[in-house]
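Enquirer: Got a structure for you, written out below as structure tokens; questions coming shortly.
The values are calculated or read from the model by the stated rules, or taken from the named source; none is laboratory data. Not measured: the values here are computed from a predicted model. Cβ sites come from the backbone with ideal geometry, for glycine too, and all protein chains shown count toward neighbours.
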Amino acid sequence: MAMLSSSFYKKKKLNSALSALNGFKEFSVALGMGAEGAEQLAKEIRGLVGPSVDDLRIRRLVVRATQIHDSLESIQRFRGELRAFFSQLKIALVVVDFQNDFVSGSLSIKNGPAGEDPRDAIPALNDLLREGAADIVVYTLDWHPANHISFYEHCRNGDRRLSEEDKSRKLKPFDAVRFADPGCAQVLYPTHCVQGSWGANLDPLVHIVKDAHFIRKGQKVHVDSYSAFQDNEREQKTSLENLLREKGVDAVIGCGLAYDICVAATLKDSADLGFFTSVVADASKGLDNDRISETNNEFKEKKIAVLSTGEAISALRKDIMPIEWIEKRVTELLQD
Ligand SMILES: [Zn+2]
């Protein structure tokens, strides 16, 4: 009797899964190797991602895995690989450009159209930093020479030439221009983060972790650098990637300023370089609402998980992992 009712419920559950999945064929393949392995794998993934993730998203992963691992033994081996990988994951916490000029100085984000105040992100940021669970902590610094190409005040200097169109119009800060020499598109910002100046220092309220690493960017006069990995022309890399590779880092959790500019560029590069990547939304502040939502779309496309500070701390402790990371790892394991 008990057997009957259990199989009845199993059938009912599977039927609803089938209709919900909208992929009858895929799911029937999964069932071909027996529901037991699939159930075990679903449980394993549920344990990795915690209770907030949608059931369907987990089932989709299970279906993909069981199409290749079609015996109970093989699926159990797959489960083991998944679990071992995430228990040994090395995670870097990358704090992007939390510098005086962006917080309260010449390029203060709170004066931007989104009206977000970087100071409001500092308690969350310090919770992350004080947690001490990251394998390595990196602070990035926008670090410009005094006549940097991004500075509005210097856009007509003799060592650079605006395009004819931009040369003849009245320019103001935050205008997007094109330089004919050097050939590049550039947004003109008020002078900010000049090497060695007060504005280039980290905000004094930001907790500095012992043994942290500092990566400076935008140091060459004629090229800007939004990403902490490389300049905007993608010509020269900073030492960040090498540092992360040397330390055996698999995953990057990033946050800071500005969400829609330097945090976005840094984390998109991180994902493109193959790191498991997440952003901590409440430990970051952005400049412009339209660009913030554009950034969120790009993050989604690149499987960059958008986390709260609490979720990021869980990931750093390796208690709960972002589903996007599990999806990426499952894909990698299935391709091997
Ligand atoms: Zn800059």
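Enquirer: Would you confirm whether or not the range 197-206 contains a residue that is of a type in the set (D, E, K, R) and either surrounded by 14 or more Cβ atoms within 10 Å (Cβ to Cβ) or within 15 Å of the ligand (Cβ to nearest atom) (or both)? I'd like the intermediate steps shown before the answer.
Expert: We begin by selecting, within the range 197-206, every residue of a type in the set (D, E, K, R); these are 203.
If we keep only those that are either surrounded by 14 or more Cβ atoms within 10 Å (Cβ to Cβ) or within 15 Å of the ligand (Cβ to nearest atom) (or both) as well, we get 203.
Within the range 197-206, one or more residues are of a type in the set (D, E, K, R) and either surrounded by 14 or more Cβ atoms within 10 Å (Cβ to Cβ) or within 15 Å of the ligand (Cβ to nearest atom) (or both).
Enquirer: Go through the range 109-159 and give me each residue that's of a type outside the set (S, T, N, Q), within 16 Å of the ligand (Cβ to nearest atom) and in a loop (DSSP other than H, G, I, E, B). Write out each step before concluding.
Expert: From the range 109-159, those of a type outside the set (S, T, N, Q) are 109-110, 112-125, 127-139, 141-146, 148-149, 151-156, 158-159; that's our starting set.
Adding the requirement that they be within 16 Å of the ligand (Cβ to nearest atom) leaves 109, 112, 118, 139, 141-146, 148-149, 151-155.
Across the range 109-159, the qualifying residues are 112, 143, 145, 146, 148, 149, 155.
Enquirer: Within 13 Å of the ligand (Cβ to nearest atom), under 18 Å from residue 258 (Cα atoms) and outside any strand (DSSP E or B), is that true of residue 192?
Expert: On the way: within 13 Å of the ligand (Cβ to nearest atom): yes; under 18 Å from residue 258 (Cα atoms): yes; outside any strand (DSSP E or B): yes.
So residue 192 fits the description; yes.
Enquirer: If you don't mind, there's one more thing I want to ask. Restricting attention to the range 160-210, which residues are under 24 Å from residue 121 (Cα atoms) and in contact with a Pro (Cβ under 8 Å, 6 or more places away or on another chain)? Working first, answer last.
Expert: Quick first cut of the range 160-210, residues under 24 Å from residue 121 (Cα atoms) only: 174, 189-194, 197-210.
Residues satisfying the conditions are 189, 190, 194, 203.
Enquirer: Being modelled with pLDDT of 95 or more and in contact with a Pro (Cβ under 8 Å, 6 or more places away or on another chain): is that true of residue 90 here?
Expert: Numbers: modelled with pLDDT of 95 or more: yes; in contact with a Pro (Cβ under 8 Å, 6 or more places away or on another chain): no.
For residue 90, the condition - modelled with pLDDT of 95 or more and in contact with a Pro (Cβ under 8 Å, 6 or more places away or on another chain) - is not met.
Enquirer: It is to be established whether one or more residues within the range 234-246 are touching a residue at least 60 places away in the same chain (Cβ under 8 Å), closer than 19 Å to residue 150 by Cα and surrounded by 18 or more Cβ atoms within 10 Å (Cβ to Cβ).
Expert: As a first pass, look at the range 234-246 and keep what is touching a residue at least 60 places away in the same chain (Cβ under 8 Å): 240, 243-244.
Imposing the further condition that a residue be closer than 19 Å to residue 150 by Cα reduces the set to none.
No, the conditions are met nowhere in the range 234-246.
Enquirer: Another question about this same structure. What do you reckon, is residue 293 outside the structural domain of residue 80 (by TED's automatic domain parsing) and more than 22 Å from residue 123 (Cβ to Cβ)? Walk me through how you get there before you give the answer.
Expert: Working: outside the structural domain of residue 80 (by TED's automatic domain parsing): yes; more than 22 Å from residue 123 (Cβ to Cβ): yes.
It is true that residue 293 is outside the structural domain of residue 80 (by TED's automatic domain parsing) and more than 22 Å from residue 123 (Cβ to Cβ).
Enquirer: Take the range 197-236 and flag every residue that is in a loop (DSSP other than H, G, I, E, B), in contact with an Asp or Glu (Cβ under 7 Å, 6 or more places away or on another chain) and of a type in the set (Gly, Ala, Ser).
Expert: 218, 225, 227
Enquirer: Let me ask something else about it. Going residue by residue through the range 29-38, is there one that turns out to be modelled with pLDDT of 80 or more and part of a helix (DSSP H, G or I)?
Expert: yes
Enquirer: Then there's this: Within the group 97, 142, 101, which residue is surrounded by 21 or more Cβ atoms within 10 Å (Cβ to Cβ) and on the phi > 0 side of the Ramachandran plot?
Expert: Working: 142 fails: on the phi > 0 side of the Ramachandran plot; 101 fails: on the phi > 0 side of the Ramachandran plot.
Being surrounded by 21 or more Cβ atoms within 10 Å (Cβ to Cβ) and on the phi > 0 side of the Ramachandran plot holds for just one of 97, 142, 101, which is 97.
Enquirer: Further question on the same structure: Any chance the range 249-260 includes a residue that's surrounded by fewer than 20 Cβ atoms within 10 Å (Cβ to Cβ) and within 13 Å of the ligand (Cβ to nearest atom)?
Expert: Let us first name the residues in the range 249-260 that are surrounded by fewer than 20 Cβ atoms within 10 Å (Cβ to Cβ), namely 250.
Filter once more, so that each one left must be within 13 Å of the ligand (Cβ to nearest atom): none.
There is no residue in the range 249-260 that is surrounded by fewer than 20 Cβ atoms within 10 Å (Cβ to Cβ) and within 13 Å of the ligand (Cβ to nearest atom).
Enquirer: Okay, next question. When you check residue 125 against the structure, is it surrounded by 22 or more Cβ atoms within 10 Å (Cβ to Cβ) and either aromatic (Phe, Trp, Tyr) or more than 22 Å from the chain's Cα centre (by Cα) (or both), yes or no? Outline the logic, then answer.
Expert: Numbers: surrounded by 22 or more Cβ atoms within 10 Å (Cβ to Cβ): yes; either aromatic (Phe, Trp, Tyr) or more than 22 Å from the chain's Cα centre (by Cα) (or both): no.
When the stated conditions are applied, residue 125 does not pass them.
Enquirer: State all residues of the range 155-175 that are out of contact with any Lys or Arg (no Cβ under 8 Å at 6 or more places or on another chain) and in contact (Cβ under 8 Å) with a residue 12 or more places away in the chain; if no residue qualifies, say none.
Expert: Within the range 155-175, 155, 159, 160, 164, 171, 172, 173, 174, 175 meet the criteria.
Enquirer: Is one or more of the residues making up the range 106-113 in contact (Cβ under 8 Å) with a residue 24 or more places away in the chain and in contact with a His (Cβ under 9 Å, 6 or more places away or on another chain)?
Expert: yes
Enquirer: Looking only at the range 113-122, which residues are of a type outside the set (Asp, Glu) and either within 13 Å of residue 203 (Cβ to Cβ) or crowded, with 20+ Cβ neighbours inside 10 Å (or both)?
Expert: Let us first name the residues in the range 113-122 that are of a type outside the set (Asp, Glu), namely 113-115, 118-119, 121-122.
Of everything in the range 113-122, those that are of a type outside the set (Asp, Glu) and either within 13 Å of residue 203 (Cβ to Cβ) or crowded, with 20+ Cβ neighbours inside 10 Å (or both) turn out to be 118, 119, 121, 122.
Enquirer: Do we find that residue 254 is assigned by TED's automatic domain parsing to the domain that holds residue 305, on the phi > 0 side of the Ramachandran plot and within 23 Å of the chain's Cα centre (by Cα) in this structure?
Expert: Details: assigned by TED's automatic domain parsing to the domain that holds residue 305: yes; on the phi > 0 side of the Ramachandran plot: no; within 23 Å of the chain's Cα centre (by Cα): yes.
Considered against the rule, which asks whether it is assigned by TED's automatic domain parsing to the domain that holds residue 305, on the phi > 0 side of the Ramachandran plot and within 23 Å of the chain's Cα centre (by Cα), residue 254 comes out as no.
Enquirer: What's the total number of residues in the range 134-149 that are of a type outside the set (Val, Ile, Thr) and more than 18 Å from residue 96 (Cα to Cα)? Even if it seems obvious, please write down each step before you answer.
Expert: Step one: list which residues in the range 134-149 are of a type outside the set (Val, Ile, Thr), which gives 134-135, 139, 141-148.
Okay, now just the ones that are also more than 18 Å from residue 96 (Cα to Cα), so 145-148.
The number of residues fulfilling the criteria is 4.
Enquirer: Against the definition (within 29 Å of residue 331 (Cα to Cα), assigned by TED's automatic domain parsing to the domain that holds residue 106 and more than 16 Å from the ligand (Cβ to nearest atom)), how does residue 263 come out, yes or no? Outline the logic, then answer.
Expert: Values: within 29 Å of residue 331 (Cα to Cα): yes; assigned by TED's automatic domain parsing to the domain that holds residue 106: yes; more than 16 Å from the ligand (Cβ to nearest atom): no.
So residue 263 fails the test.
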